[in-house]
1. For the condition at negative phi, at pLDDT 95 or above and of a type outside the set (A, V, I, L, M, F, W, C), what is the one hit in ARG139, ARG111?
2. Name the residue, out of VAL28, VAL94, VAL80, that is at pLDDT 95 or above and touching a helix residue (DSSP H, G or I) at 6+ places or on another chain (Cβ under 8 Å).
3. Could you please find all residues in the stretch 32-51 being over 21 Å from the mean Cα position of the chain (by Cα) and part of a helix (DSSP H, G or I)?
4. Could you give me the residue pairs with C-beta distances under 8 Å whose first residue belongs to the stretch 46-68 and is closer than 25 Å to PHE89 by Cβ, whose second residue is assigned to a helix (DSSP H, G or I) and aromatic (Phe, Trp, Tyr) wherever it lies, and which are 6+ apart or on separate chains?
5. List the pairs whose first member sits in the stretch 7-21 and is modelled with pLDDT of 95 or more, whose second member is hydroxyl-bearing (Ser, Thr, Tyr), and whose Cβ atoms are under 7 Å apart, counting only residues at least 6 apart or on separate chains?
6. Could you tell me how many of the residues in the stretch 37-77 are among the hydroxyl-bearing types (Ser, Thr, Tyr) and modelled with pLDDT of 95 or more?
7. Filter the stretch 92-141 for residues that are buried (at least 17 other Cβ atoms within 10 Å of the Cβ) and among the polar types (S, T, N, Q) and give the result.
8. Look through ARG56, ARG81 and report the one residue that is among the charged types (D, E, K, R), farther than 30 Å from PRO10 by Cβ and surrounded by 14 or more Cβ atoms within 10 Å (Cβ to Cβ).
Amino acid sequence: MVAEATNKVPKGYWIVSILALVWMLFGVMAWAMDLMTDEAALSEFSEAQRQLYASRPSWLFGVYAVAIFSGLTGAAGLLVRKTWAIAAFGVSLVAVIVQFGYTFIVLDALRLLGPTALLFPLVIFVIGVFLLWFSVWSRKRQWLTA
């Protein structure tokens with residue numbers, strides 16, 4: 001009999017991979033909602049939120065797209081057990097750092113929105129770091145293939 005060539009991965013791997021996909025799909029929905037923001041939606045923002053939205057350069061929205069769609073690619077890579085998931089999560093994390101770094105340092109979002117505005121970006125950053133770490137860790141266990 002021929003030995004089985006694939007490594008059996010634990011259920012936890014699949015749970016993390018599916019949760020990563022769901023997380024990234026929520027990100028895609030948030031990005032799409034941001035893309036479709038119109039005057040009616042803007043009227044419901046606080047003055048500080050409107051000011052921040054108006055001062056955001058268009059390239060930053062592109063960086064947001066890179067963060068989301070490379071993360072989605074990474075999640076798909078985990079599901080098909082491919083090592084390129086690592087690169088995709090790396091690109092996503094760099095884009096997240098650029099996006100939030102610019103938003104909080106250059107656009108001064110912390111002053112405009114207050115310290116609680118850091119909470120969700122911090123969660124996004126921590127999840128991004130975790131997914132990059134998890135994909136590298138999975139490769140070391142040979143759960144990801146070329």
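The values are calculated or read from the model by the stated rules, or taken from the named source; none is laboratory data. Here the structure is a predicted model, which means the values were calculated and not measured. Please note: Cβ atoms are built from the backbone with ideal geometry, for glycine as well, and neighbour counts cover all protein chains shown.
1. Sole residue among the options that is at negative phi, at pLDDT 95 or above and of a type outside the set (A, V, I, L, M, F, W, C): ARG139.
2. On the way: VAL94 fails: touching a helix residue (DSSP H, G or I) at 6+ places or on another chain (Cβ under 8 Å); VAL80 fails: touching a helix residue (DSSP H, G or I) at 6+ places or on another chain (Cβ under 8 Å).
Among VAL28, VAL94, VAL80, only VAL28 is at pLDDT 95 or above and touching a helix residue (DSSP H, G or I) at 6+ places or on another chain (Cβ under 8 Å).
3. In the first step, residues of the stretch 32-51 are kept if they are over 21 Å from the mean Cα position of the chain (by Cα); the result is 38-51.
Selection gives GLU39, ALA40, ALA41, LEU42, GLU47, ALA48, GLN49, ARG50, GLN51.
4. Going by the 8 Å Cβ cut-off, the qualifying pairs are LEU60/TYR102; VAL63/TYR102; TYR64/TRP31; ALA65/TRP31; ILE68/TRP31.
5. Within 7 Å, the pairs are TYR13/SER138.
6. Step one: of the stretch 37-77, the residues among the hydroxyl-bearing types (Ser, Thr, Tyr) are 37, 43, 46, 53, 55, 58, 64, 70, 73.
From what is left, the residues that are modelled with pLDDT of 95 or more are 64, 70, 73.
Residues that pass the stated criteria total 3.
7. Selection gives SER92, GLN99, THR103, SER135, SER138.
8. ARG56
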